[in-house]
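Below: the structure, in structure tokens.
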Amino acid sequence: MEGLVGSSQIVKIPIHGRRNHLHFVPTFSLQFARSSYKSHFGMKKQPNSCSPIVASVQPLETSTPSRFKNTQPSKEVLELWKNANAVCFDVDSTVCLDEGIDELAEFCGAGKAVAEWTARAMSGSVPFEDALAARLALFNPSLSQLQDFLEKKPPSLSPGIDELVRKLKANNTDVYLISGGFRQMINPVASILGIPPENIFANQLLFGESGEFLGFDKNEPTSRSGGKATAVQQIRKAHCYKTLIMIGDGATDLEARQPGGADLFICYAGVQLRAAVAANADWLVFGFRDLISSLD
């Protein structure tokens, strides 16, 4: 997911083909304001919900722009990738084809307003927390609306992500999801991929006792600008990983590659190509097949 940190050239990658389905039982929870939701470390475990949802996976066809010189990994980059102790994935437009907040806003009847606000924000420098609060204020989703959305609008997974995660786990590589989206919408995705709740860094929608929308938990590191970099640093420090890699499509994902953070940033441009982000990546891929085959 792209952070609202300035304008950049964005190219939509065409997606074609027949929709396939994965059946799964999601693990998601709905946090109420009266129980203070803690940050990832020291956080209490969330209860499970067992309503069946269907996830869709769509095939992808892309062509690689010739202007990028980093579509083939260097020997050093490939070595780091093959020996990673942990891989952190962005969710929106990376693990999933959709942008979660836009999908929820559309479901609640405010898709156009939220999209227009996002477009205005993208033209300048806006702190992430301000952009998030402003968009949520346009439709104030209730608990019942969120539950209805989760039942009727299953996540659309990017082609190959399930196979890639399985392969990483088979290689004893820990997998994390780091997102500016919401846990309630990301937990079903994690359930499909077999990623434990404690390996999710994301925002949390808060509701009152009657299910009314109260806001979001501002204690989550991903609720503010620079949050993904902070989350990656926390993960690395807590587990003493020797090699950690970040995969995503946006500037906030690229920011995670810094001292104490990710050793490597892989830009996934299978959904959206952001030229400035892609040009600065250690490795640019247009499909997860490149990453899967390189692990053989």
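The one condition from (1) in contact (Cβ under 8 Å) with a residue 24 or more places away in the chain; (2) surrounded by fewer than 19 Cβ atoms within 10 Å (Cβ to Cβ) that Ala134 does not meet is (1). Ser210 passes every criterion in (1) touching a helix residue (DSSP H, G or I) at 6+ places or on another chain (Cβ under 8 Å); (2) under 21 Å from Gln145 (Cα atoms) apart from (1). Can you confirm whether the stretch 101-109 contains a residue that is closer than 30 Å to Arg289 by Cα, part of a loop (DSSP other than H, G, I, E, B) and touching a strand residue (DSSP E or B) at 6+ places or on another chain (Cβ under 8 Å)? Scanning the stretch 101-109, I find no residue that is closer than 30 Å to Arg289 by Cα, part of a loop (DSSP other than H, G, I, E, B) and touching a strand residue (DSSP E or B) at 6+ places or on another chain (Cβ under 8 Å), so the answer is no.
Pairs meeting the criteria (first residue in the stretch 267-285 and on the phi > 0 side of the Ramachandran plot, second residue in a helix (DSSP H, G or I) and not acidic (Asp, Glu), beta carbons under 7 Å, at least 6 apart or on different chains) are lacking. Of all the criteria given as (1) at pLDDT 95 or above; (2) buried (at least 20 other Cβ atoms within 10 Å of the Cβ), the one not satisfied by Ser144 is (2).
Name the residues in the stretch 237-249 that are modelled with pLDDT of 95 or more and either crowded, with 21+ Cβ neighbours inside 10 Å or within 18 Å of the chain's Cα centre (by Cα) (or both), would you?
Filtering the stretch 237-249 down to residues modelled with pLDDT of 95 or more leaves 237-248.
Across the stretch 237-249, the qualifying residues are Leu244, Ile245, Met246, Ile247, Gly248.
The values are calculated or read from the model by the stated rules, or taken from the named source; none is laboratory data. All values reported here derive from a predicted model rather than from experimental measurement. Positions of Cβ are backbone-derived with ideal geometry, glycine not excepted, and every protein chain shown enters the neighbour counts.
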